[in-house]
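These notes concern the structure reproduced below.
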Amino acid sequence: MFAVLIDQFWSLTIAGIALGFIYVLVSLGYTMVYGVLRMINFANSEIFMWGTFGTIVTSRDIFGYTQTSAPATGPKLALVLLSQLLISMAVAGVTAIFVEYVAYRRLRAKGTNRLATLISAIGISIVLSELMRLLTDSRPVGSPRVLEKIILGEVWGANLRLDTIITIFAAALIYFLLERFVKLSRMGKAIRAVSMNEDAAKLMGVNLNRVITTTFLVGGLATGAAGFFYITVFEYTKFNIGFTMGMAAFTAAVLGGIGNIRGAFYGGLFLGLLEVYASAVLGTQWKAVTVFIVLVLVLLFKPNGLFGEAVQTTRA
Amino acid sequence: MKIRNYWNLRDYGANIWENAGRPVRVAIVLVSIVLVGLLPFTGGSFLATPIASFDAVLVYPVGMFVLMSLGLNIVVGKSGMLDLGYVAFFAIGAYTMAILGTTTKLNTWEIMPIGIAFAMIAGVLLGIPTLRLRGDYLAIVTLGFGEIVRLVVLNSTWSKGPNGIANIPMPPHIGPLKFELENQRVFFWVVMAMILLTIWMIRRLSVRRPGRAWEAIRQDEDAAELMGVPTLKYKIWSFTLGAAVGGAAGVLYASKNLYIAPEMFTLNVSILILACVVFGGIGNIWGVVIGATVLGYLPDRIRFISDARLLVFGLVLVIVMNFRPDGLLPRKKREKAIVKREANA
């Protein structure tokens, strides 16, 4: 049972870290919005799904790659990858702002109960995923292979594949930039102020609506970047792909302590590794169950998550 | 006191009800029950649903949605706990029926209490460790529980995995009433009876100690605890009762559908039921009934736009929540109307 795990420990670890970084970026979309609004950004999974389509549309329709065309090389490769990344981020960012405007803003102005907002967010995520289902005829969409999956080298018997390495380093860089943004910029300071105390922040002259829109935008950008990395590694998407990803990323956010950016980082990596190891030991069909059981255990014995603030007592 | 704005049907209706004597109330209830019971005969009218037969739609989704929403309303509406894994109890009931119905000689009515018992045990087992959590954390744990039940069923051999279980027996006759596939009005009457029973149970409990404890927990759990309400006990009770209703609905669903598979018990069902509760007016029984009826009926009625119907469904959710955030029939306004009346009396 554990033979697979011991045999392929390092290649599993590398795959787990890459998956973990994708989780980190998606869970930023949950954790940042939660930090500011104290509400689950339910539509984040669909924002991710739209991001993955942004990547595919860029390579397929803008650069004209097909399933059979040769992978790009040299400067062309860098150009295509970079524009894929930026367009996915833009698509997801715009979708996130749209979600905030349509599903959250009006209800927030009315100061209504949290459940109404949750249902309205559920509504908008149904709209987003159904729209994509109609656009794609419910079919899965494969991505043309832009990046050839060269094996760069071998470490302790594990292959270092180019796409995994790019995912790990680029995702880490994007995470780092976002973390610096929230930590150092004036807007980031405002975001943190609102998440600490909304009323006090308002009294100090923070423009609440702008902060919230920016939070959705930043979360959306991170989620869109995750969409790009997901396509680069797995090369496939579908209108309902957001669900599994959203569940895992939300679990990662809670695991690290929701509302906490650093928590999303550790939670995402931990969950990515856990998922990969668990599927090696128990078989892939049980990995979601393992993840949930660990989540329940963490919540029971360390209810604020590994790095979280005390939101345990907030009310539904 | 006279309520002037007659266009406000809700307050107007509430006013009539509050001022009526016992015989009038009994008459109103009986007439409404008969009218609703006659619904399966109106299949040819404008109410009819294209493609699916009308009496089948009345049983599932409409009737089942109402039943499950009432069950979930005990958890979410009465005691204010956000449960996103309600489908788990529905699945437990349905699989109890499917496995016992195909392997033993028990009939639906004998399996019903067993299914309810299993769902309640699951409710207690889940409730004891998790109900210490609150708000969104509880939501995510229950959501996880719902997924775990589905995945266990999907990956186990005793449940025949993704193939599902077929040839589940129909319920035996009740006197002259026969259960048929083509004509599901008897199923509808059974669902209706179960709904009435649930409503009766909720109304009885609401005015007694558990109901008051739930209300206190929903408004302020810490204050309730300080006032000596054993909050964990009543939360588990509320969870278990909700589970019982879900389990009963599951047993009947399996027996009606004759076939069940894990893909029928996804998170979407939980979300849809929660949407019914919030859409109609959280905490208010009649609001929940109306919300579940609309959301169960609407997708089938608008099947003519077949492919886009879920899109429209999502849009309706967003729009209604934006303009009526407390649901179609909110609890608060109704309470306010009663308070006003008492103040003026």
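The values are calculated or read from the model by the stated rules, or taken from the named source; none is laboratory data. Since this is a predicted model, take the numbers as computed values, not measurements. Note: ideal-geometry Cβ built from the backbone for every residue, glycine included; neighbour counts use all protein chains shown. We work out accessible area using only protein heavy atoms, side chains counted, and drop any ligands, DNA or RNA first. Shrake-Rupley method; radii C 1.70, N 1.55, O 1.52, S 1.80 Å.
Please tell me if B:ILE285 is surrounded by fewer than 23 Cβ atoms within 10 Å (Cβ to Cβ) and within 14 Å of another protein chain (Cβ to nearest Cβ).
no
Restricting to region A:107-129, name every residue that is touching a residue at least 60 places away in the same chain (Cβ under 8 Å), more than 16 Å from A:GLY246 (Cβ to Cβ) and not polar (S, T, N, Q).
Step one: list which residues in region A:107-129 are touching a residue at least 60 places away in the same chain (Cβ under 8 Å), which gives A:108, A:114-115, A:117-118, A:121-122, A:124-125, A:128-129.
Now restrict to residues that are more than 16 Å from A:GLY246 (Cβ to Cβ): A:108, A:114-115, A:117.
Hits for region A:107-129 are A:ARG108, A:ARG114, A:LEU115.
Is there any pair with a first residue in region A:203-225 that is over 18 Å from A:GLY111 (Cβ atoms) and a second that is outside any helix (DSSP H, G or I) whose Cβ atoms are under 8 Å apart and which are 6 or more apart or on different chains, and what are they?
What qualifies is A:PHE216/A:ASN41; A:GLY219/A:ASN41.
Which condition number does B:ILE290 fail, the rest of (1) modelled with pLDDT of 85 or more; (2) farther than 29 Å from A:GLY111 by Cα; (3) open to solvent by 10 Å² or more (accessible area, probe 1.4 Å); (4) more than 11 Å from every other protein chain (Cβ to nearest Cβ) being met?
Against the list (1) modelled with pLDDT of 85 or more; (2) farther than 29 Å from A:GLY111 by Cα; (3) open to solvent by 10 Å² or more (accessible area, probe 1.4 Å); (4) more than 11 Å from every other protein chain (Cβ to nearest Cβ), B:ILE290 comes up short only on (2).
Counting only residues that are open to solvent by less than 60 Å² (accessible area, probe 1.4 Å), within 18 Å of A:ASN240 (Cβ to Cβ) and either more than 7 Å from chain A (Cβ to nearest Cβ) or charged (D, E, K, R) (or both), how many does region B:308-327 have?
Within region B:308-327, residues that are open to solvent by less than 60 Å² (accessible area, probe 1.4 Å), within 18 Å of A:ASN240 (Cβ to Cβ) and either more than 7 Å from chain A (Cβ to nearest Cβ) or charged (D, E, K, R) (or both) number 0.
If a residue counts only when it is open to solvent by less than 50 Å² (accessible area, probe 1.4 Å) and under 21 Å from A:THR223 (Cα atoms), which helices (runs of 4 or more DSSP H) contained entirely in region A:61-165 have at least 1 such residues?
A:74-99, A:114-136
How many residues are under 17 Å from A:MET132 (Cα atoms) and modelled with pLDDT under 85 if we restrict to region A:241-251?
Qualifying residue count, region A:241-251: 2.
A:PHE292 is checked against (1) over 16 Å from A:GLY20 (Cβ atoms); (2) surrounded by 23 or more Cβ atoms within 10 Å (Cβ to Cβ) and fails just one. What number does that condition carry?
(2)
Out of all the residues in region B:176-195, which are free of Cβ contacts under 8 Å to residues at least 12 places away in the same chain and under 15 Å from the mean Cα position of the chain (by Cα)?
Across region B:176-195, the qualifying residue is only B:ALA193.
Going residue by residue through region A:233-246, is there one that turns out to be touching a residue at least 60 places away in the same chain (Cβ under 8 Å), closer than 11 Å to A:THR31 by Cα, part of a loop (DSSP other than H, G, I, E, B) and within 14 Å of chain B (Cβ to nearest Cβ)?
For region A:233-246, residues touching a residue at least 60 places away in the same chain (Cβ under 8 Å), closer than 11 Å to A:THR31 by Cα, part of a loop (DSSP other than H, G, I, E, B) and within 14 Å of chain B (Cβ to nearest Cβ): absent.
Would you tally the residues in region A:280-305 being over 17 Å from A:VAL254 (Cβ atoms) and within 9 Å of chain B (Cβ to nearest Cβ)?
Matching residues across region A:280-305 total 3.
Confirm whether B:GLY115 is open to solvent by less than 10 Å² (accessible area, probe 1.4 Å) and under 19 Å from the mean Cα position of the chain (by Cα).
Working: open to solvent by less than 10 Å² (accessible area, probe 1.4 Å): yes; under 19 Å from the mean Cα position of the chain (by Cα): yes.
Judged against the criteria, B:GLY115 is a match.
From (1) touching a helix residue (DSSP H, G or I) at 6+ places or on another chain (Cβ under 8 Å); (2) more than 23 Å from B:GLY77 (Cα to Cα); (3) in contact (Cβ under 8 Å) with a residue 60 or more places away in the chain; (4) aliphatic (A, V, I, L, M), pick out the condition that doesn't hold for B:ALA166.
It fails just one condition, (1).
Answer yes or no: is there a residue in region B:42-64 that is at pLDDT 95 or above and among the aromatic types (Phe, Trp, Tyr).
The answer is no, given that none of the residues of region B:42-64 is at pLDDT 95 or above and among the aromatic types (Phe, Trp, Tyr).
Among the residues of region A:237-252, is any polar (S, T, N, Q) and open to solvent by 30 Å² or more (accessible area, probe 1.4 Å)?
As a first pass, look at region A:237-252 and keep what is polar (S, T, N, Q): A:237, A:240, A:244, A:251.
Now drop any that are not open to solvent by 30 Å² or more (accessible area, probe 1.4 Å), which leaves A:240, A:244.
Scanning region A:237-252, I find at least one residue that is polar (S, T, N, Q) and open to solvent by 30 Å² or more (accessible area, probe 1.4 Å), so the answer is yes.
Take the conditions free of Cβ contacts under 8 Å to residues at least 12 places away in the same chain and over 17 Å from A:GLY35 (Cα atoms) and apply them to A:MET196. Does it pass?
It is false that A:MET196 is free of Cβ contacts under 8 Å to residues at least 12 places away in the same chain and over 17 Å from A:GLY35 (Cα atoms).
The rows are residues; the columns are (1) at pLDDT 90 or above; (2) within 30 Å of A:LEU147 (Cα to Cα).
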site	(1), (2)
A:LEU77	no, yes
A:SER88	yes, yes
A:VAL91	yes, yes
A:THR95	yes, yes
A:VAL99	yes, no
A:VAL102	yes, no
A:ALA109	no, no
A:ALA116	no, no
A:LEU128	yes, yes
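For the list (1) away from chain A (no Cβ under 14 Å); (2) over 29 Å from A:PHE243 (Cβ atoms); (3) buried (at least 24 other Cβ atoms within 10 Å of the Cβ), I need the number of the one condition that B:LEU252 fails.
All conditions pass for B:LEU252, except number (2).
Can you list residue pairs whose Cβ atoms sit under 8 Å apart, with the first residue in region A:82-97 being farther than 10 Å from A:ILE47 by Cβ and the second being open to solvent by 50 Å² or more (accessible area, probe 1.4 Å) and not in a helix (DSSP H, G or I)? Count only pairs 6 or more apart in sequence or on different chains.
Partner pairs satisfying both residue conditions: A:SER83/A:PHE63.
Counting only residues that are more than 20 Å from A:GLY305 (Cα to Cα) and polar (S, T, N, Q), which one in region B:121-161 is nearest to the other protein chains (Cβ to nearest Cβ)?
Among them, the one singled out is B:ASN155.
With the condition kept exactly as written, say whether any residue in region B:268-277 is surrounded by 19 or more Cβ atoms within 10 Å (Cβ to Cβ) and away from every other protein chain (no Cβ under 14 Å). Break it down stepwise before answering.
Step one: list which residues in region B:268-277 are surrounded by 19 or more Cβ atoms within 10 Å (Cβ to Cβ), which gives B:269-277.
With the extra rule that they be away from every other protein chain (no Cβ under 14 Å), the set shrinks to none.
Taking every residue of region B:268-277 in turn, none turns out to be surrounded by 19 or more Cβ atoms within 10 Å (Cβ to Cβ) and away from every other protein chain (no Cβ under 14 Å).
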